[in-house]
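Just below is one structure, and these are the notes that go with it.
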Amino acid sequence: MTRFAELAERYGTPLYVYDLDQVVAARDSLFAALPEGFELFYALKANPHPDVVGVLREGPGRTCRAEISSTGELHAALATGHRAQDCLYTGPGKTDAELDEAIGRGVRLFSVESPSDLRHVGAAAARAGAVAQCLLRVNSPTAHASTGIRMTGRPSQFGIDGETLADVLPELIRAPGTRIVGAHFYTMSNATDEENLLAEYGHVAELAAGLERDLGLPLDLLDLGGGFAAPYAVPGARTPYPKLRAELARILDRSLPRWRSGSPRLACESGRYLVAESGYLVSRVVNIKVGRGSRFVVLDAGINALGGLSGLGRLLPVAVTLDRPEQATEAEQAAEAEQATEPGTLAGPLCTPGDTLGRNVDLPPLHVGDLVTIPNVGAYGLTASLLAFLGRPAPGEVTVRGGEVVSASRLEHRRTYLAAVGR
Ligand SMILES: Cc1ncc(COP(=O)(O)O)c(C=O)c1O
């Protein structure tokens with residue numbers, strides 16, 4: 001019996017399995033790919049499971065800080081040992097209640113997305129008698145890279161338009177309750193082309209240096225953003241960045257020559273690169289039907305378990321591998337799965353045509369009752385799914401380390417009443 005079949009038998013399906021050793025390996029490889037001294041924020045939106053969030057701050061080796069953008073993510077970070085003063089709070093719609101909670105718990109570092117967001121953060125800090133350290137998130141007017149998911153250079157709820165900074169910066173620097181400590185760029189996601197990523201970082205470093213030099217932007221900390229790529233729900237490996245360490249150091253030597261002595265301190269962020277590969281969704285085939293000549297394989301996991309958001313807002317090109325328990329070895333299974341793939345539609349169990357994981361997917365020979373595994377869903381898997389839609393229970397989530405189960409749990413949604421109206 002394979003590892004996944006055994007876990008599915010024990011905990012039922014659909015079941016997410018997160019391999020914490022793979023999370024640690026991804027973290028170590030990203031630190032190794034970055035120049036010495038870089039800090040790395042883990043974006044909890046990719047996967048807020050406590051074991052995953054926790055393992056990223058545990059040594060040995062360099063550890064991640066938490067990038068959070070809600071009270072839920074704040075609690076997840078603090079509950080797993082991340083220190084409030086190490087967290088970076090981001091997002092374009094910070095409410096009074098969540099700012100009060102974050103500041104009350106000791107968070108001091110915020111990325112601000114607009115002049116009004118800065119004033120809002122400052123007002124919350126002032127209410128608590130604190131000073132919020134703010135990174136100005138800049139939506140730069142120009143960009144270098146052309147691939148990946150672009151998040152800059154166009155009208156957006158994210159970031160302050162770079163071309164307005166000359167006018168507004170003096171006022172921003174005086175905003176009560178705040179101290180501007182640097183800049184935050186997040187210009188792209190999922191950059192599979194290293195040259196592009198480097199060109200973008202070169203552009204951003206140059207821009208930040210210009211803002212410091214020409215406009216007097218305080219630059220203690222520069223968050224260059226991320227963009228590190230990983231496959232989503234299809235086989236494959238994290239994108240390697242063999243040149244990044246040396247080339248990025250060269251870029252920084254040119255634009256920010258005092259960076260090696262910590263001026264500015266430098267940071268990057270990542271969600272998917274750190275956790276995508278660690279996650280597998282194990283699901284069971286509940287029905288197979290042929291409709292007007294097309295084959296539909298219905299799984300017990302649909303968009304309620306794997307929403308396909310991935311920060312992209314589009315459906316996935318899912319691939320599954322067969323995990324048939326009665327067969328002895330994984331090698332035998334792989335051999336069978338390779339034998340005869342047939343195209344089909346991979347559907348979920350929900351009562352909506354939108355519950356389609358993939359159309360014309362090459363599927364291994366499948367029967368009702370078979371187990372299938374979807375790889376590379378540790379990032380934007382459960383957390384980016386339509387969990388409440390159609391009232392099915394959330395999938396189970398199992399974490400493993402060194403081949404042993406660390407925890408097995410399930411998220412619950414239950415109604416709580418806001419007021420005792422009519423009760
Ligand atoms: C500000 C910010 N940081 C980090 C991330 C994580 O992105 P990824 O999972 O592609 O690394 C995102 C994703 O949208 C983001 O908006």
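The values are calculated or read from the model by the stated rules, or taken from the named source; none is laboratory data. Fair warning: this is a prediction, and the values are worked out from it, not measured in the lab. Here the Cβ positions follow ideal geometry from the backbone for every residue, glycine too, while neighbour counts run over all protein chains shown. Quick note on the areas: whole protein, heavy atoms, side chains included, nothing else; ligands and nucleic acids left out. Shrake-Rupley method; radii C 1.70, N 1.55, O 1.52, S 1.80 Å.
Structure data summary
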read-out	value
Within a Gaussian network of the chain (alpha carbon springs, distance under 10 Å), most fluctuating of Ala394, Ala166, Ala124	Ala166
Solvent-accessible area of Val131 with every protein chain in place, 1.4 Å probe, in Å² to the nearest 10	80
Antiparallel %, DSSP beta bridges [both residues in the chain], to 5	45
Where trypsin sites (Lys or Arg not before Pro) fall in DSSP loop in region 169-271, at most 16 other Cβ within 10 Å	Arg174, Lys243, Arg258
Rounded FRET efficiency, nearest 0.05, which uses the C-beta distance separating Glu163 from Asn360 and R0 of 51 Å	0.70
Principal-axis tilt of helix 194-215 within the chain, Cα atoms, nearest 10 degrees	20
Chain lengthening between Arg83 and Arg295 when straightened (0.36 nm per residue, less Cα-Cα)	71.2 nm
Around Gly293: net Lys/Arg minus Asp/Glu count, Cβ-Cβ under 15 Å	+3
Using a Förster distance of 22 Å, the FRET efficiency for Val406-Arg105 (Cβ separation, nearest 0.05)	0.25
Top positive-direction residue, dipole computed over the chain with Cβ charges, set Gly236, Gly279, Ala408	Ala408
Region 34-275 shape via C-alpha gyration tensor axes, a/c threshold 1.5	oblate
Sequence of Ser116, Ser407 when ordered by accessible area, the most exposed leading, probe 1.4 angstrom	Ser116, Ser407
Full-extension gain in nm, Arg127 to Ala97, via 0.36 nm per residue minus C-alpha separation	9.6 nm
Counted charge near Leu99, where neighbours are those whose Cβ lies closer than 14 Å (Asp, Glu -1; Lys, Arg +1)	-2
C-alpha long axis of helix 330-339 to longest principal axis of the chain, angle in °	80
Computed magnitude of the charge dipole of the chain (debye, nearest 20; Cβ of K, R +1, Cβ of D, E -1)	900
Test item: Cα-centred dipole of region 1-95, Lys/Arg +1 and Asp/Glu -1 on Cβ, debye	260
DSSP-loop GluC sites (Glu not before Pro) across region 1-38, with at most 11 other Cβ within 10 angstrom	Glu36
Cα-based reach from Lys94 at 18 Å (exclusive), listing lysines while leaving out same-chain residues under 8 positions away	Lys45
Solvent-accessible area of Ile173 with every protein chain in place, 1.4 Å probe, in Å² to the nearest 10	70
The chain - Debye-derived log10 I(q)/I(0), Cα point model, q = 0.06, 0.07, 0.08, 0.14 Å⁻¹	-0.27, -0.37, -0.48, -1.25
Counted charge near Gly61, where neighbours are those whose Cβ lies closer than 12 Å (Asp, Glu -1; Lys, Arg +1)	+1
The chain: angle of helix 115-127 to the longest principal axis, Cα-based, in degrees nearest 10	80
Between region 225-277 and region 390-418, the Cα center-to-center distance that results, in Å	32
